[in-house]
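The values are calculated or read from the model by the stated rules, or taken from the named source; none is laboratory data. Computed from a prediction, not measured in an experiment: that's the story for all the values here. With ideal geometry, Cβ positions are generated from the backbone for all residues, glycine too; neighbour counts draw on all protein chains shown. What goes into the accessible areas is simple: the full protein's heavy atoms, side chains included, and nothing from ligands, DNA or RNA. Shrake-Rupley method; radii C 1.70, N 1.55, O 1.52, S 1.80 Å.
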Amino acid sequence: MTAFLPSLDRRAGDNLQEQIIRQFITAITEGGLRPGQRLPSVRESAARWCVSRNTVVLAYERLEAEGYVEARSSSGTFVHRMPPGARQAITTPSAGLEAGESRRPRPARSSLDPAFVDDGQHRPLQAVPLSLGFGSNMPLYRAREWRRVVQRLLAPDGWRGGGQFQPNAGLPFLRETLARWLTARHGLPVDARQVVVVAGLQQAHSIIARALLRPDRSVMLEDPCYIGKRRLYEAFGEGVRPVPVDEHGINLHDTSFDGVGLAVVNPGCHVPLNVTLPLGRRRQFLAAARAAGTLVVEESMYDLLSLDDDLPSLLSLGGGQGVIHAGLFAPTLGGGVMLGYLVVPWAELQAVIETKLLMDNGLPWLEQEALARLIDSGELDQLLRRTRTVMMRRRQMVLDAQRRHLGEVTHVGTGKAPRMSWLLPDQWPDTPTFVARAAEAGIYIPGRYPLVPASDMKSPINARIISHGYGEVDGVEIDRIFSLLASI
């Protein structure tokens, strides 16, 4: 067991918990604490460091949430076996291959967009020295709550009901739990029969398009939007009506809903611009859709990690009428947890359920049961509160580093973790040039630049925007990243 002893200054501006966390991170990243080393217990640490037990508990929880330490059942707390920064040791595409093993040949080039196909030619994320990616693969998202509930289910006495076929619309326990949880979140009653469990938002859109689109009605999409969603609706042969997005979300100026059957919008955190639709525009959007008899599809991808005041959802503002609400858990629990849900109005429910039956015969029991227990026990809400605290700290670190190295920049969206976007100053290169130079400096910035809308509508933010994440950024790397960006 290590004899780590933080140096605490009770007169400093930051509290004791922050000092402990900062010194732990420094000791781990500089090698003073080695991966796998056992840390003192909460009781022992509180006594040796002359702090309260609660201070130690909160510090350990934050360190675990950020991936620096890991708690092992009945064993204690240890330095993580691969803490942030350790993945940089995996720098070659051949890492992990056995001696004499060769890489599999690359498949033929696909005609589909890379948003849908892994053609084997993408550079592994681990090989990128520094990343501002959107993904959720860092230890921050490897929630101990998720691991624990899955482990309990895999125990012999936890497997009850696991071998039975489940209803196509989703595990009844999960639908009932989601209905209670969504009722509390949105402030209006949600019936479990209205909840349909789906394998991510792409399947959700596929079900909606197949079930509810008519040949004589078009689809209204934010422009730009996630390319996978746009390609899906285009593939169905329906007309797509793009509506421009500005720094306040979808802009309905001079836009008509006539002939629009579906209006798809992501009001909480637009992808890829990260902007939030304000309350006034939400009401305007709903009123225009209702007057035209247009069904609204509301996406909720990053709303669970809202760092600022939450606005009422379209589902809530619409009183549950005329709005399909689609949610996703991957941004919170990790990209591999591809479980989502639809809340469907009664008028469209039968068509949605029948269409889903044509696409699959139900989703795996284990993931559904685990998610239901995570929500039902209250552990998900606890995880969200702790993750928000970590993300608020990390967001502030990014904002401070930007200010130090880039000066004052205009932020377009910072309210939903782990994403943000900001505008390049006028004297800087355009976005494609900036992103290319960043790559040469070893910094990966996701996205396709410039963000040219499908409609060719001109928007000043599309020409100068940089949109990225900070969920994958090691805290110790943030300052270095923006120092390098300032020099390109």
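Here are a few things to note about the model shown:
- Per-pair calculated FRET efficiency, R0 = 25 Å: Asp479 and Leu8 via Cβ, rounded to 0.05: 0.60
- Three semi-axes of the equivalent ellipsoid, the stretch 141-379, Cα gyration tensor, whole Å, largest first: 31, 20, 16
- Sorted peptide list for 72-81, 362-371, criterion being average Cβ within 10 angstrom, highest first: 362-371, 72-81
- Computed over neighbours whose Cβ is under 14 Å from that of Leu363, the net charge equals -1, Lys and Arg +1, Asp and Glu -1.
- The heavy atoms of Asp360 offer some 30 square angstrom of accessible surface to a 1.4 angstrom probe.
- Across the accessible surface of the stretch 141-379, with the other protein chains kept in place and a 1.4 Å probe, carbon and sulfur atoms take up 52 percent.
- If you bin all the Cα-Cα distances of the stretch 213-262 at 5 Å, starting from zero, the percentages per bin are 5, 21, 30, 23, 16, 4, 1.
- For the stretch 16-79, the solvent-accessible area works out to 43 Å² per residue, with a probe of 1.4 Å and every protein chain left in place.
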